[in-house]
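Written out below as structure tokens is the structure these notes cover.
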Amino acid sequence: MIHQKTKHTPHQIITWACFSLFLFMGPLVNAQTPNPASSVHKVIQNQTNAIFDSLVAIRRDFHKHPETGGHEKRTAAFITKYLKNLGFEVKSGIGGYGVVGILKGNPNGKKIAWRADIDAMLWDTPETAEFASVNKGVRHICGHDVHTTIALGMANVLANQKEQLNGTVYLIFQPSEENYQGARNMIADELFSLISPDEMYAAHISPMPAGLVASKPGYLYADYKQINISFKKNQEQDSIVAFTKDLLLKLQNVAPDGKFWNTQNLMDPNIGIGNPNTIFKDYTTVSNKIKVEEKDKSITIRAFVSASSKYRMESIPELLRQQIAKSKYVDDLIDIIYASEIFTYSPERGNINNDGALTTKALKTISGIYGASSAIPLYGAIPDGRGDDFAYFQQEIPGTYFLLGGSNFEKGIIAMPHSNNFRVDESCIKTGVNYFSSLILERVNN
């Protein structure tokens, strides 16, 4: 998971923890008790229980030996060996140290992919765990060691259910997520010539309580882009700049001193993201730090905008065009010479955009098997600047990205990625293997 290159403050961590407690409080005792009518999911849970201790050991080994993007040699070798021992067909060296495990059931059935990111991060704050990193300045501070372990657990469980698979399962172990390169590198290295999934899924550790997953259709996080508007340089340039700044700022539909800006309101029962009427949806915001660049014959006004949906983000250039077309400055717009559009966004940020139908089905599938409190729908888009290059896979294949709870507040464990005190309740490994193995089995067979 990629953040806007800032480490989380204690206030942000506490806010997320409180938000999680509010949103996901409920009867958790049956969170991992499968529907008794579904015997295959009982088998999945029994198999997960049987291998859980070994999975914890694997996670701790990954955690102790973290590798940054482009250097995941040891991690990839372990994954390859593990998958081959389970009988998977394995493709390795895809887009760097990417590995794909292929488990074939009925060749005429659906093909479902699961993605796990495998890289660690440069992080100079030491840790005290008995399985702390032995690679100085490198840590699994974002939970990718957990993601990789869960996917290996799924491989183990699903291999034991091969006869139940009316289709094919692909497990994609992706390198270089933290630097936005891995997914695109795998795609460029013809990943989708090697495999042909109908659907793709992924999950990321979050500060929600262990035992829970959550997601929503569309944007899970607000998207952020830089928009550039260029005009001919002339004697009215000061007026053009003032006019354009005003246009940009008027795009924002959130009061500058409103409740939206207090992150603690994410947990509010009436306006928070757990309420269908949340204030954290249908919004556009604009940074007031608008920059102007002058050249010999042009001026360019640049601003960062955020939006809670793909539709809102994509509509911004046209809205601005319409306003400028009504103004006396319409003839001052620069012709399309150096860019594909007069209005150009900055290089694309990997923003999760979940398929609506698949996400709704997936949440219902998990909650139908493991209980209503196991999989929770969210509303709105969280405005905290996260991203994940799983988004680039979603541009090719419809898919869903989940948040996976990893906290245990009673034990003081808060799984806030990219924070110095990041820790994980390892029971979330069992949750992930159970929930997502069951989901993949159901999606392959339906």
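The values are calculated or read from the model by the stated rules, or taken from the named source; none is laboratory data. Please read these numbers as outputs of a predicted model, since none were measured by experiment. Don't worry about glycine lacking a Cβ; one is built from the backbone with ideal geometry, like all the others, and counts go over all protein chains shown. Side chains are part of the model used for accessible areas, which takes the heavy atoms of the whole protein and leaves out ligands, DNA and RNA. Shrake-Rupley method; radii C 1.70, N 1.55, O 1.52, S 1.80 Å.
Every residue, every condition in (1) in contact with a strand residue (DSSP E or B) (Cβ under 7 Å, 6 or more places away or on another chain); (2) modelled with pLDDT under 95; (3) in a loop (DSSP other than H, G, I, E, B), yes or no:
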{"site": "Thr149", "(1), (2), (3)": "no, no, no"}
{"site": "Met154", "(1), (2), (3)": "yes, no, no"}
{"site": "Leu158", "(1), (2), (3)": "yes, no, no"}
{"site": "Ile172", "(1), (2), (3)": "yes, no, no"}
{"site": "Ser176", "(1), (2), (3)": "no, no, yes"}
{"site": "Asn185", "(1), (2), (3)": "no, no, no"}
{"site": "Phe192", "(1), (2), (3)": "no, no, no"}
Report, ordered by the first and then the second residue, all pairs with beta carbons closer than 9 Å, sequence separation of six or more or different chains, a first member in the range 43-59 that is basic (Lys, Arg), and a second member that is in a helix (DSSP H, G or I) and surrounded by 13 or more Cβ atoms within 10 Å (Cβ to Cβ). Arg59/Asp145; Arg59/Val146; Arg59/Thr148; Arg59/Thr149; Arg59/Ile150; Arg59/Ile429
Provide a single number: the residues in the range 59-94 that are of a type in the set (A, V, I, L, M) and buried (at least 20 other Cβ atoms within 10 Å of the Cβ). 4
Ile44 being surrounded by 21 or more Cβ atoms within 10 Å (Cβ to Cβ), touching a strand residue (DSSP E or B) at 6+ places or on another chain (Cβ under 9 Å) and either part of a helix (DSSP H, G or I) or among the β-branched types (Val, Ile, Thr) (or both): no
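Which of the following residues is closer than 27 Å to Lys361 by Cα and not in a loop (DSSP other than H, G, I, E, B): Tyr224, Tyr201?
Criteria check complete, one pass: Tyr201.
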Please determine whether any residue of the range 405-413 is touching a residue at least 40 places away in the same chain (Cβ under 8 Å), more than 30 Å from Lys110 (Cα to Cα) and buried (at least 24 other Cβ atoms within 10 Å of the Cβ). yes
Applying the selection to the range 294-337, what residues are modelled with pLDDT of 90 or more, touching a strand residue (DSSP E or B) at 6+ places or on another chain (Cβ under 6 Å), closer than 20 Å to Gln235 by Cα and not charged (D, E, K, R)? Ser298, Ile299, Thr300, Ile301
Say we look at the range 160-170 and pick out the residues that are in a helix (DSSP H, G or I) and within 18 Å of Leu83 (Cα to Cα); which of these is farthest from the chain's Cα centre (by Cα)? Glu163
When the range 278-297 is examined, which residues are found to be touching a residue at least 24 places away in the same chain (Cβ under 8 Å), assigned to a loop (DSSP other than H, G, I, E, B) and polar (S, T, N, Q)? Thr278, Asn288
Considering (1) surrounded by fewer than 17 Cβ atoms within 10 Å (Cβ to Cβ); (2) in contact (Cβ under 8 Å) with a residue 24 or more places away in the chain; (3) not in a loop (DSSP other than H, G, I, E, B), say which one Phe260 fails and leave the rest. (1)
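From the list Ile397, Ile366, pick out the single residue that is within 20 Å of Ile429 (Cβ to Cβ), modelled with pLDDT of 95 or more and either not in a strand (DSSP E or B) or not polar (S, T, N, Q) (or both).
Numbers: Ile397 fails: within 20 Å of Ile429 (Cβ to Cβ).
Just one listed residue meets the conditions, Ile366.
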For residues that are open to solvent by 50 Å² or more (accessible area, probe 1.4 Å) and either assigned to a loop (DSSP other than H, G, I, E, B) or of a type in the set (S, T, N, Q) (or both), scanning just the range 97-108, find the one that is modelled with the highest pLDDT. Tyr97
Top-ranked residue in the range 227-257 [being open to solvent by 40 Å² or more (accessible area, probe 1.4 Å) and among the small types (Gly, Ala, Ser); ranked as nearest to Leu363 (Cα to Cα)]: Ala255
Name the residues in the range 316-332 that are assigned to a loop (DSSP other than H, G, I, E, B) and either over 18 Å from Ser298 (Cα atoms) or in contact (Cβ under 8 Å) with a residue 40 or more places away in the chain (or both), would you? Lys326, Ser327, Tyr329
Just name the residue that is most open to solvent (accessible area, probe 1.4 Å) out of those in the range 109-138 that are over 24 Å from Ala203 (Cα atoms) and of a type in the set (S, T, N, Q). Thr128
